[in-house]
Amino acid sequence: MPTKSQPETQAPMGAELFTDMHAKALEAFGAFAQTNQRVLQGFVDLSVATAKEGMRAYAELQSAALEAARTAQPGTTIQNPTIEDLQSDPFSWYQKGLLATVDSTQKAFRLLEANAQVVTRSAERLQASTERTGKEIQEALTSYIGRLREIYARN
């Protein structure tokens with residue numbers, strides 16, 4: 001038969017256990033909130049970096065297009081030859097047309113190359129931002145797991 005002192009010693013142990021579990025749960029919740037804040041901040045930073053990079057790439061593409069338009073020479077269009085021009089030198093008109101076509105094609109390819117370089121640099125910068133954010137999130141989660149192990153390892 002239990003004595004009067006036995007239930008009294010069990011009651012403080014139960015209350016102590018409950019208090020300890022409650023304290024650990026609060027610490028774990030605090031660690032989760034801190035980790036959640038770090039992860040969300042990483043995503044916000046990545047979103048901001050992506051928006052900035054998008055605007056930068058757009059500005060660079062517009063700059064390349066303006067530069068291409070600025071360097072375009074309006075005099076390279078082929079004038080319709082007169083009958084006298086064709087009779088005196090028929091191949092000159094064909095030669096001028098071919099040279100104008102080649103020149104226009106080269107300018108178009110230079111613009112495409114400039115645009116491809118802009119997109120490539122933008123993708124590289126976005127990849128670096130994404131990798132940095134991924135590492136930060138991984139560190140936050142690793143820290144969280146370590147903190148939980150520490151909290152629940154205590155007796």
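Taken together, the values in this text are just the output of simple stated rules run on the coordinates, not laboratory data. Remember, predicted model here, so these are calculated numbers, not experimental data. Quick reminder, even Gly has a Cβ in these numbers, built from the backbone with ideal geometry, and neighbours come from all protein chains shown.
Miscellaneous remarks
- Subtracting the Cα-Cα distance of Ser88 and Lys52 from their residue separation scaled by 0.36 nm leaves 7.0 nm.
- Relative contact order, percent, segment 28-122 [alpha-carbon distance under 8 Å, six or more residues apart]: 44 percent
- Hits among aspartates and glutamates - C-alpha to C-alpha of Lys24 under 17 Å, sequence gap 8 or more where chains match: Glu16, Glu150
- Between Leu112 and Thr142, the contour length at 0.36 nm per residue exceeds the Cα-Cα span by 6.4 nm.
- Considering all different alpha carbon pairs of the chain, the Kirkwood hydrodynamic radius works out to 22.9 Å.
- Computed from Cα atoms, the angle from the helix 5-71 axis to the main principal axis of the chain rounds to 10 degrees.
- Most mobile listed residue (Ile145, Ile137, Ile83) in the chain, GNM with C-alpha springs under 10 Å: Ile83
- Among Phe18, Trp93, Leu148 the positive-end extreme of the charge dipole of the chain (Cβ point charges): Phe18
- Axis of helix 90-153 versus longest Cα principal axis of the chain: the two differ by about 0°, to the nearest ten degrees.
- The aspartates and glutamates within cross-link reach of Lys52, meaning a Cα-to-Cα straight distance under 19 Å and a gap of 8 or more places when in the same chain, are Glu60, Glu124, Glu131.
- Using Cβ point charges alone (K and R +1, D and E -1), the dipole size of the chain about the Cα centre works out to roughly 480 debye.
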